[in-house]
Amino acid sequence: MILDALHPETRAKMWNMARTDKILAFIQSLNIHLSNTIKFGLLGAVVLFFLISMIILGWQIYLCCKHGKTKKTRATKIESKKHYTEKSNLSTRNNSSDFLATSDKDEYSDMKIHNYKVYRLQESIQKLNLYFHCYPDGLKLIQSNEDLVAESKDELTGKLRFSLSYDKKQSKLQLTILQASNLPARHAKQSTDSFIRVKLLTSLPQYQCILHQWDTKIVKNTRYPCFGDHFTCSVERNVSKKATLKLEVWDFDKYSRCDALGEVRISFSSLDLSNATEFCEDLQRVQKDIIGEIFVSLKYLPTAQKLEVAPLKVKIGCLSNNQDTDIYTRVDFYINQHKMKHQKTPAKPKSEITVFNEVIFFTVSDSVINQCMIITSVYEISLKDSTRQLLGRAYIGRKKSKEDDHWLSMLQSLRQPVSEWHPLLI
């Protein structure tokens, strides 16, 4: 009753005092005796724990301070950049206003600099588009004897003057290359280093056969070259009626590919060459002739990112009479008209059907497999002086021709070899 009459706070204090007295009495009843070594050990542990906690606390305070400093430096840098840009913009505005009012020449120079930068940017973009995309619409890939050539759709200009005669008694054909005129200039120098490649062809049931081939001298720095080269060869009368003379005009470049400027074709079937006849013909587009076929196997391995190209067989319509020559194939790998790598097969003795059965691997990723091209070239090499002559080329890959069917069938049947015959062009 007395406790109930007291104030609640006073009653709580009295209750706490009674509880502490009970706890002290309980501790004294335990009567625990500790030695001095244990006491000092516990004291040392407490001190060590205190030092470790202080070290951890100090390290955390240091990290917090460092993080705050970095935030402040970043903020000051951003503010300084904003201030600098605003100041520069303000200054450029003031300067431009003063400049427009005072000097027109400086404005013209600034415009020239800006236009030049825009021009350089457009030029770099065009180069990147040429590398990363397919061929432009204004270009068409043709097959030259040196490499791939981009042939424009512009009209051809130029004429070629030459003379022909045929001696029936000695069965000899005489050709004289006189001159060319108004040849197109392919470079900025507005001149041409030109030469003429002469091919005497005869028709076979399926292919064309090159009986003779010559090159004239190179005439430099002119679009009106004078040659004066004479060529003589023995041609039987029955063969001459089926023969065709092909004159190709080439733009020579020592450090790059040679460009075909045009050609002239003369068929002997309707010509009377008993007397020397002079011709002056317009240049026409270069057309390729089929001289044989090559049997190629393709296989793509997407997991290993490997393209397997296997030149298996080569069939050539007409072989030279020289027995001291072998033939071999060379495979060139292109991505977006850029040559990446090439490999050769060992030379084999030539015959009507030459068997190679060689396998060549190229590394190519899935992202560019649809933009690749394979060029298989067949060369004839002399065993005496190691000179070589191109017999023909086959083109397989992403281009507008029949060879696309072989490439698409390879992509549709992954990890499986797909073989097909391709014409050898020259």
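Laboratory data are not the source of any read-out in this text; all were calculated from the coordinates shown. Remember, it's a predicted structure, so these values are computed and weren't measured experimentally. Cβ: placed from backbone, ideal geometry, glycine included. Neighbour counts: every protein chain shown.
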Pop out the ³J(HN,Hα) list for the stretch 359-368 in order, Karplus 6.51 cos²θ - 1.76 cosθ + 1.60 with θ = phi - 60°, rounded to Hz; leave Gly and Pro as x. 10, 10, 10, 10, 8, 8, 8, 5, 6, 10
Which net charge results for the neighbourhood of Ser234, defined as the other residues with beta-carbon distances under 14 angstrom from its beta-carbon, given Lys and Arg at +1 and Asp and Glu at -1? +2
Label-point gap, in nm, between Ala45 and Thr232 - each point 7 angstrom along Cα→Cβ: 12.0 nm
Rg (Å, one decimal) plus Dmax (Å, integer) for the alpha carbons of the stretch 290-425? 15.0, 47
So for the stretch 141-282, what are the equivalent ellipsoid semi-axes in whole Å, largest first, each being the square root of 5 times an eigenvalue of the Cα gyration tensor? 28, 17, 13
Got a sec? How would Asp253, Asp21, Asp259 order by Cβ neighbour count within 10 Å, fewest to most? Asp21, Asp253, Asp259
Between Arg223 and residues 5 or more places away or on another chain, which pairs have amide H atoms under 5 Å apart, with H built 1.01 Å from N, and which residues are they? Thr192
Would you please give the residues with an amide H less than 5 Å from that of Phe356, counting only those at least 5 places away or on a separate chain, with H modeled from the backbone geometry? Lys313, Val314
Going by amide H atoms built from the backbone, whose H comes under 5 Å of the H on Leu261, apart from near neighbours? Val249, Trp250, Asp251
Taking only Cα atoms of the stretch 358-426, what ratio of Rg to Rh do you get with Rh as the Kirkwood inverse-distance radius? 1.05
Give Lys246/Lys348; Lys241/Lys288; Lys168/Lys242; Lys172/Lys313; Lys288/Lys315; Lys254/Lys348 a once-over and call out the pairs whose C-alpha atoms are over 24 Å from each other. Lys246/Lys348; Lys172/Lys313; Lys254/Lys348
